[in-house]
Amino acid sequence: MDRFLLECKRNLEKLDSFTKVHVVLGNESCDLDSAVSAIVTAYLLHELQPVTSLLVVPVLNVARKDVRLRTEVTYFFEQVEIPLDSLVCRDEIDLKRLHSQSKLSLTLVDHNLLPKEDADLQGAVQEIIDHHRLETSHRCDKTVEMVGSCCTLVAEKLLHSKPELASPQVALLLYGTILLDTVCLSESARKTTAKDLEMVSRLQALLPELNKEEVFKPLCRAKSNVDGLCLDELLRKDLKVVCSSAKRIAISSVPGEIKSICQENTMEAELGKFCETHGYSALIILTIAVEEKSNSVQRQLAVFSSDIMLKQQLTSTLLAVGEPSLDLQVSHMSTDHLITFVQGNAQASRKVVLPVVRKFLSTLVPSTRRPTLLSSGPFFNQQPPRRSLASFCVVPLGRQTLPKSVAPAVIIASRRILGQYISPAWHLARFRARSGPLNMAVAVSLIVAWQVHKRLAAVR
């Protein structure tokens, strides 16, 4: 595979001599799964289609200067002796020029929907290999399964089509990546499927001298190693952006805990500076911490926006997520612009959050007028009927659930106490997760409102 990668890099200087350039493109976060999937898939396609007029190129979907931020990628490629300068980065090949020349064909790995800035390349997509929820209706060859790692699907293709390509180097690339994505096949992470187990078993047979832990542990430490990274670099280390015509929402996956990102008293200002610098309307931070002995996973989530209404709408949307629920509990920090949560559902990664945010943006109606109570929150843009409003307000309070019929009274009570134009789900989430005079007031108001509602119902 080393020779293949070096040839790809050299051929960048003579793209005009090829009639077709088939690019295997990972997603923009360029994590290890995305990088390895792109490289191994391109290698397989190259061996299956030995045509001199066709160039197959794996592309890391990130600028060259940002490769160093992907610490698990730089570590693992060094271990398997793949020089980083033998790889092609996104800013080293002009995909739009190739497309305009009708030379480009694309295989997307570890994602199935091109970001908005690459939407004009959609017609070049010939194949998709992915383990995320399908978000495109584009007609092409698709291998999409909700397995723990995209490399599981790549390994299956390689072992089925050309098993002789599974050298120790290639086998280790796939093996280590699947282990990292599934947290070493951890049951508590709940990411492992039967196919992941099968591929790990088959790859392990090719690497008899290695065991899972000695591959996984150093990889996990490398991914969590953020020494020397400033906040801007840390947030860009594993970042995806969802765009609409008016909004850009960044979703950053960060190792560790939220409190380790920066000082709490400066966090809001620092996140505001980051969003302003990069033109983001809002930022969602997803943290993951892996306990080294048990491989158990803990997650946190934070929402920031300088636009208070957008932050509240986005928060309400995430609180309302179901199938699977994120199980968010407000943690230690809540301001006008920033709120942090402990995420009870450790299985729900960015794969769950990303399509929710994309749908949220697609239904968000731009408005310059001051929102009314009924128009706040992602479901209230079209002045819904009272029935829909009541349905939305059924959120868990511990082990109890407020009846739908109490919703109008809850809205009035919450608004009078807090004086904010935000959805009741927000108030109830705060009440459920925190204690203090403010929430006691909300609790009393809810009780009074429910009693008033029952008496009015009895009179009727």
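None of the figures in this text is laboratory data; all of them are computed from the coordinates on show. Keep in mind that this is a model prediction, so the values were computed, not measured. Here Cβ is always computed from backbone atoms with ideal geometry, including for glycine, and neighbour counts include all displayed protein chains.
Sorted largest first, the principal axis extents computed over the alpha-carbon atoms of region 231-363 equal 45, 34, 25 Å.
With a Cα cut-off of under 25 Å and a minimum spacing of 8 residues unless on different chains, the lysine pairs in region 204-316 number 22. A straight line joining the Cα centroids of region 257-291 and region 16-94 runs 29 Å. Peptides 42-50, 25-33 ranked from most to least packed by the mean count of surrounding Cβ atoms within 10 Å: 25-33, 42-50. Dipole orientation for region 186-341: of the candidates Ala222, Gln329, Leu207, Leu207 has the Cα lying most toward the positive pole (charges on Cβ; Lys, Arg +1; Asp, Glu -1). Restricting the calculation to Cα atoms, region 2-224 shows an Rg/Rh of 0.95 when the hydrodynamic-style radius is the Kirkwood one. In this Cβ point-charge picture (+1 for Lys and Arg, -1 for Asp and Glu), region 1-57 has a dipole of about 260 debye about its Cα centre.
Our coupling estimate for region 44-61, obtained by passing each phi through the Karplus curve with A = 6.51, B = -1.76, C = 1.60 and θ = phi - 60°, is 5, 4, 4, 6, 7, 10, x, 10, 5, 7, 10, 10, 9, 10, x, 10, 6, 7 Hz, Gly and Pro reported as x.
Taking one quarter of the surface of the convex hull spanned by the alpha-carbon atoms of region 1-122 gives a direction-averaged projected area of 7.0 nm².
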